[in-house]
Amino acid sequence: MKKIIQFVAGMVEGRDPALAEHHDNLGESAALLAQHLGYSSRETDLLCFGARVHDVGKLSLSDHILNKPARLTAVEFSLVMEHPRLGRDLLAPLDLDPRITEIVCFHHENFDGSGYPEGLKGEAIPLFARIVRILDSFDAMTMDRPYHQSVSPDEALRLMENDARCYDPALLSPFCEVMRRSCLA
């Protein structure tokens, strides 16, 4: 599995260094949260691996769309909404643990059912995908992107807590505790 992650990381780094940084950030956050939640080393490895490849489907999208500094058109956003399925399809031949491909495919599902690609709700969303949904949001908010300025870690946590409909509340609370302890200490 380590060689696979190195291969995917190299592909992502070569195409989009910011995306590679995002993947690395999520892997580190996943490890902190998994430790806090008491996950086994196997579960932690799977969660971290999935977090480090969750956006691999973006390799199938054009740079114009991914780096557009303005609001996406409806057509462009519909293409972006396909990246979870594209990533799952890219990884399918590798016969990885299903929890990894679930992360890739379902990391944009919202706890209230308003996410994509399937509109899954609550615990119908695989556990590791619910975790990466939280990690992904936090990192996206705290990184400068072509289409938005970053916010501080503290502000990102406040925003997430105030708009908690997207996140599993049983996971958001421990995540915020871990991030406040590690990022804001």
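The values are calculated or read from the model by the stated rules, or taken from the named source; none is laboratory data. Here the structure is a predicted model, which means the values were calculated and not measured. As a convention, Cβ positions derive from the backbone with ideal geometry for all residues, glycine included, and neighbour counts pool all protein chains shown. Accessible surface is based on the protein model in full, side chains and every heavy atom, while ligands, DNA and RNA are left aside. Shrake-Rupley method; radii C 1.70, N 1.55, O 1.52, S 1.80 Å.
Points worth noting:
- Along region 155-167 the Karplus relation, 6.51 cos²θ - 1.76 cosθ + 1.60 evaluated at θ = phi - 60°, assigns HN-Hα couplings of 5, 4, 5, 4, 4, 5, 5, 7, 10, 6, 4, 7, 10 Hz to successive residues, with x for each Gly and Pro.
- Accessible area of region 1-159 belonging to carbon and sulfur atoms, whole % at 1.4 Å probe: 55
- With the simple model of a label 7 Å out from the Cα in the direction of the Cβ, GLU28 to ALA164 spans 2.7 nm.
- A probe of 1.4 angstrom, applied to the heavy atoms of all protein chains, finds HIS36 with accessible area near 70 square angstrom.
- Rounded accessible area of ARG145 (nearest 10 Å², 1.4 Å probe): 50
- Probe 1.4 Å, accessible area per residue of the chain, Å²: 49
- Here the dipole of the chain is about 80 debye; that uses its Cα centre as origin and unit charges on the Cβ of Lys and Arg (positive) and Asp and Glu (negative).
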